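*Asks:* Input: one structure, supplied below.
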Amino acid sequence: MTIKTYDVIIIGGGIMGSAAAYYLMQADSSLSVAVIERDPSYARASTTLSMSNVRIQFSLKENIQVSQYTFEILDRFEDEMTIEDRRPKIYYHRDGNLFLVDQQNQRAAEKAFELQKKLGCRIEWWSAEKIKQQYDLYEPGNLLGGTYGPDDGHIDAYAMLMAYKAKARFLGAVYLEDDVTRIKKAGGRVSGVSLASGQNLSAGFVVNCAGAWAAQIAATAGVELAVIPIKRQVFTLDTAVKPAGPLPLTVLPSGMYFRTETGGIILLGKSMVEDPVGFNFSWDEKRFMEILWPELAEFVPAFDRLKLIRGWAGLYAVNTLDGNAILGQWPEIKGFYLANGFSGHGLQQAPAVGRYLTELILDLPNALDLGIFSPARILEQKPLSEGGLV
Ligand SMILES: Cc1cc2nc3c(=O)[nH]c(=O)nc-3n(C[C@H](O)[C@H](O)[C@H](O)COP(=O)(O)OP(=O)(O)OC[C@H]3O[C@@H](n4cnc5c(N)ncnc54)[C@H](O)[C@@H]3O)c2cc1C
């Protein structure tokens, strides 16, 4: 049987795999790139189950720079992804992000704010009074204030994914509906993959974009990846009192966050230590009713009357070393690249990740050096400073 050969095989066709395929094809249209995705409905992909938030508000320089690039891309994304007369719409709502500050997180918030300012970001420090003025439903209580990013906001994640996928295919990338069961290597190099359908494919480059499933597939190449799937839940609320206008993604010091969504509803979530590890997608009404609602109603008393419409659960691919991206070639296997462990903030990083992977694979100069996210730090057990789990 002949073995089909590609230049690059990408495992997983979510936002990372599709962005990587697009940037590779855009850089060199003569490449042969195959994206293997086992579920083209993306029902369990983190991309489609995310809160779709984009923000400048990080505390690690490179994460901020990645977001600066994302903002730049989002401004021209719909033009760039247009195919003939088909122009996608990703509904970028710049409703802002408001990170609330109390005494406990004050120092960290000030430090991050100064760094964002230094890097030229649009970011504002709001007093508790200003918060109340802007959003009169909020009850800041003992809060000291908050940091507000006016360019932060949200997009339609599914539309962004479909746009990257369509453009990548238009430029020549191939999407195969199949399950990668094994990564193959020979003499210290990656050599291809085996598929559940029985096919074998060969390639000089294999990129792991398998999201929450990344460690499973990496293990077939003998790579132990510190990435675990953790269930996160989001709730959809219909409040009796409607805010006068859009609410920014508002993040309480406890980590609970909420924002308005189209149709006057509120989306709310919170990462909690007891969130289970594993591939579990059930959501729990009681968690909202008994734990999150009282906390929400304390900060927004008008939300003491609401209807829980529905909820959903998706998986964070959590990098247990430091909660940040693992990006680049695995030091022990030439040609095996990782784009994993985004731990809850990967959607917004996809443009920079796709471009950077392309530069590494094609040996092009880096527009932005993301070497800090190198997989070598996993082997060396050297964590980065930013937690980045929101
Ligand atoms: C509830 C929730 C809220 C979030 N909110 C935000 C947010 O507001 N902003 C933000 O930036 N990020 C957010 N994230 C994180 C973000 O969704 C992820 O970091 C990002 O989508 C990861 O993209 P990915 O392509 O790596 O993974 P995925 O989208 O999960 O795609 C991986 C794909 O790989 C496929 N796959 C896996 N293994 C195989 C295999 N062996 N063979 C073939 N196919 C395979 C899967 O079917 C899947 O489609 C959130 C995540 C969750 C769960």
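*Asks:* Taking the Cα centre of the stretch 1-123 as origin, work out the dipole magnitude from +1 charges on Lys and Arg Cβ and -1 charges on Asp and Glu Cβ, in debye rounded to 20. Could you put the intermediate results ahead of the total?
*Replies:* Details: 15 positive and 16 negative charges, 81 e Å.
Rounded to the nearest 20 debye, it is 400 debye.
*Asks:* Output the antiparallel fraction of DSSP beta bridges having both residues in the chain, as a percent to the nearest 5. Don't jump to the answer; show the numbers that get you there.
*Replies:* Details: 52 of 74 bridges.
Counting only bridges with both partners in the chain, antiparallel ones make up about 70 percent.
*Asks:* Please identify which residues in the stretch 304-319 have an amide N closer than 13 Å to a label point set 7 Å out from the Cα of Ile265, following the Cα→Cβ vector.
*Replies:* Residues passing the 13 Å test: 307-313.
*Asks:* If we sort 330-343, 203-216 on the protection proxy, mean other Cβ atoms within 10 Å, highest first, what's the order? List each step's numbers first, then the result.
*Replies:* On the way: 330-343: 22.7, 203-216: 24.5.
Ranked by mean Cβ neighbours within 10 Å, highest first: 203-216, 330-343.
*Asks:* Could you tell me which of rounded, prolate or oblate describes the chain, using a ≥ b ≥ c as the square roots of the eigenvalues of the alpha-carbon gyration tensor, with rounded for a/c under 1.5 and, failing that, prolate when a/b is larger than b/c and oblate otherwise?
*Replies:* prolate
*Asks:* Okay, next question. Work out the FRET efficiency for Glu332 and Asp304 from their Cβ-Cβ distance, taking R0 = 56 Å, and round it to the nearest 0.05.
*Replies:* On the way: r = 55 Å, r/R0 = 0.99.
E between Glu332 and Asp304, to the nearest 0.05, is 0.50.
*Asks:* Let me ask something else. How do 153-163, 25-35 rank on mean C-beta neighbours within 10 Å, highest first? Before the final figure, lay out the partial values.
*Replies:* Details: 153-163: 22.0, 25-35: 17.6.
Packing proxy ranking, top to bottom: 153-163, 25-35.
*Asks:* Report the gain in length on full extension from Ala186 to Glu274: 0.36 nm times residue separation, minus Cα-Cα distance, nm rounded to one decimal.
*Replies:* Numbers: separation 88, 0.36 × 88 = 31.68 nm, distance 4.12 nm.
Using 0.36 nm per residue and subtracting the Cα-Cα distance, I get 27.6 nm.
*Asks:* Kindly identify the stretch 1-138 as rounded, prolate or oblate by the Cα gyration tensor criterion: order the square roots of the eigenvalues as a ≥ b ≥ c, call it rounded if a/c is under 1.5, otherwise compare a/b with b/c, prolate if a/b is larger, else oblate.
*Replies:* On the way: a/c = 2.38, a/b = 2.25, b/c = 1.06.
It comes out prolate by the Cα gyration axes.
*Asks:* List, in the order given, every pair from Lys242/Lys270; Lys111/Lys242; Lys4/Lys334 whose Cα-Cα distance in the structure shown is over 26 Å.
*Replies:* Numbers: Lys242/Lys270 22 Å; Lys111/Lys242 34 Å; Lys4/Lys334 20 Å.
The answer is Lys111/Lys242.
No value in this document is a laboratory result; all are computed from the given coordinates. Keep in mind it's a predicted model, so treat the numbers as computed, not measured. Here the Cβ is made from the backbone with ideal geometry for all residues, glycine too, and neighbour counts use every protein chain on show.
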